[in-house]
1. Which chymotrypsin sites (Phe, Trp or Tyr not before Pro) from region 91-172 combine a DSSP loop assignment with at most 16 other Cβ atoms within 10 Å?
2. Could you give the semi-axes, largest first, of the ellipsoid that matches region 114-210, computed as the square roots of 5 times the alpha carbon gyration tensor eigenvalues and rounded to whole Å?
3. By its C-alpha gyration tensor, with a ≥ b ≥ c as the square roots of the eigenvalues, how is the chain shaped: rounded for a/c under 1.5, else prolate for a/b larger than b/c, else oblate?
4. At 7 Å along Cα-to-Cβ for each site, give me the label-to-label distance between residue 233 and residue 149 in nm.
5. Can you give the calculated 222 nm mean residue ellipticity of the chain, where each DSSP H run of n ≥ 4 adds -39,500 (n - 2.57) and the sum is split over every residue, rounded to the nearest 500 deg cm²/dmol?
6. How far is the Cα center of region 1-78 from the Cα center of region 119-153, in Å?
7. Is region 31-228 best put as rounded, prolate or oblate by its Cα gyration tensor, with a ≥ b ≥ c the root eigenvalues, rounded for a/c under 1.5, and otherwise prolate when a/b is larger than b/c, oblate when not?
8. Sticking to Cα atoms, compute the Rg of region 48-123 to one decimal and its Dmax as the biggest Cα-Cα distance, whole number, in Å.
Amino acid sequence: MSVDPLTCLEIDLDALEHNYHFLRSRLKPETNFLGVVKAYAYGSDSIAIARKLEALGADYLAVAFTREGIHLREAGISLPILVLHPQPADLKFLAEHRLEPNLYSPRLLKLFLSLAGETGLEHYPVHLEFNTGLNRVGFWENDVDWIAEALEGSSAIEICSVFSHLAASDDPKARDFTLRQIESFAAIVREVATKLPGKPFKHLLNTSGVLNYPEGQWDMVRCGIGLYGYGNAPQYDNALRPVARLRTHISQLHLIEPGEYVGYNMGYQSPKGGKIATLPVGHADGIGRQYGQERGSFIIGGQRAPIIGNVCMDMVMVEVSGIPCKEGDQALFFGPEISAETQASQAGTISYELLTGISQRIRREIIGG
Ligand SMILES: *Cc1c(COP(=O)(O)O)cnc(C)c1O
């Protein structure tokens with residue numbers, strides 16, 4: 001029995017399973033699959049998702065930061081975990097938790113090498129990210145010689161994989177740019193094969209990469225958003241199933257007169273009067289103020305009820321004049337009934353931001369699986 005059982009983020013593990021198989025079906029059978037579970041598995045529940053991915057046979061997991069990896073290890077997750085963006089001060093905690101760092105810069109590689117030497121690590125698995133045009137983190141192709149030199153004579157680390165990240169794999173207009181990134185990565189792969197020790201595996205594609213550029217799959221792919229049910233294009237959204245469903249309920253109904261205002265700063269004025277519903281979720285829960293002023297809406301009784309006026313910290317008001325409903329009735333913000341992508345695009349953002357922003361104040365409820 002939980003407090004306010006009507007407000008929660010439902011996490012549907014059957015939907016995750018469907019999405020996993022859909023993404024895998026786009027790959028060669030031998031391609032490895034890394035599930036990206038950073039940011040609480042895109043705002044859902046990283047432990048439940050990681051456990052399910054482990055059971056489904058995923059080969060790898062990735063998180064952004066070291067503490068996210070520690071969180072998974074402490075919950076008993078045993079798959080290899082790639083930490084995409086470790087920070088210098090974290091490096092000493094990685095080995096203790098069998099976390100595999102992405103060493104994305106000369107500074108980080110040098111630091112980790114000296115630390116690994118000091119602590120007596122042998123062949124510790126690390127990954128090297130290369131920059132092919134995103135210009136975010138990573139080595140440049142012409143760093144390969146420097147890396148080879150830095151590694152000479154040390155058996156402390158083993159380069160487990162080399163990878164890069166696409167900047168615009170979801171954008172058909174950026175096709176030429178993406179093909180150039182794939183080409184650059186191919187060149188890096190050739191350099192690495194001749195100059196670096198070991199036989200690192202290679203990976204480039206994120207979800208939209210898998211869907212739009214399957215020729216770039218190499219040995220592994222790294223899927224995040226697709227696992228959670230969004231494919232950055234209507235045809236893929238239709239094939240995938242949203243994992244998270246944000247539901248709440250009507251706390252109170254009000255009948256208002258024409259000309260009355262609703263919410264802070266007189267954010268809405270009712271032209272004809274009518275019925276408004278107050279719902280117990282707000283910007284502190286991750287429904288930002290950009291969803292106010294009728295940009296976002298809730299599904300109540302199968303109909304869309306727009307958010308009127310300004311989103312409050314803990315509440316929103318929605319217009320329900322034409323909708324038969326009563327206090328306690330269910331209200332849905334995203335999920336199978338209305339996509340997070342639809343809501344996000346109305347508010348000028350993307351599904352990733354809406355999903356990852358749902359605060360920890362909202363209870364997670366695992367269903368299916
Ligand atoms: C977040 C991330 C991914 C996952 O991208 P999606 O578009 O969610 O599939 C893959 N690789 C890297 C390096 C990332 O940072």
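1. Answer by residue number: 140.
2. That gives 29, 13, 11 Å for the three semi-axes.
3. Verdict is prolate for the chain.
4. For the pair residue 233/residue 149, the computed spacing is 4.4 nm.
5. Result for the chain: -8500 deg cm²/dmol, rounded to the nearest 500.
6. 28 Å
7. Cα axes put region 31-228 in the oblate bin.
8. 12.8, 38
Where a number appears in this text, it was derived from the coordinates with a stated rule and is not lab data. Just so it is clear, the model here is predicted, and its values are computed rather than measured. Don't worry about glycine lacking a Cβ; one is built from the backbone with ideal geometry, like all the others, and counts go over all protein chains shown.
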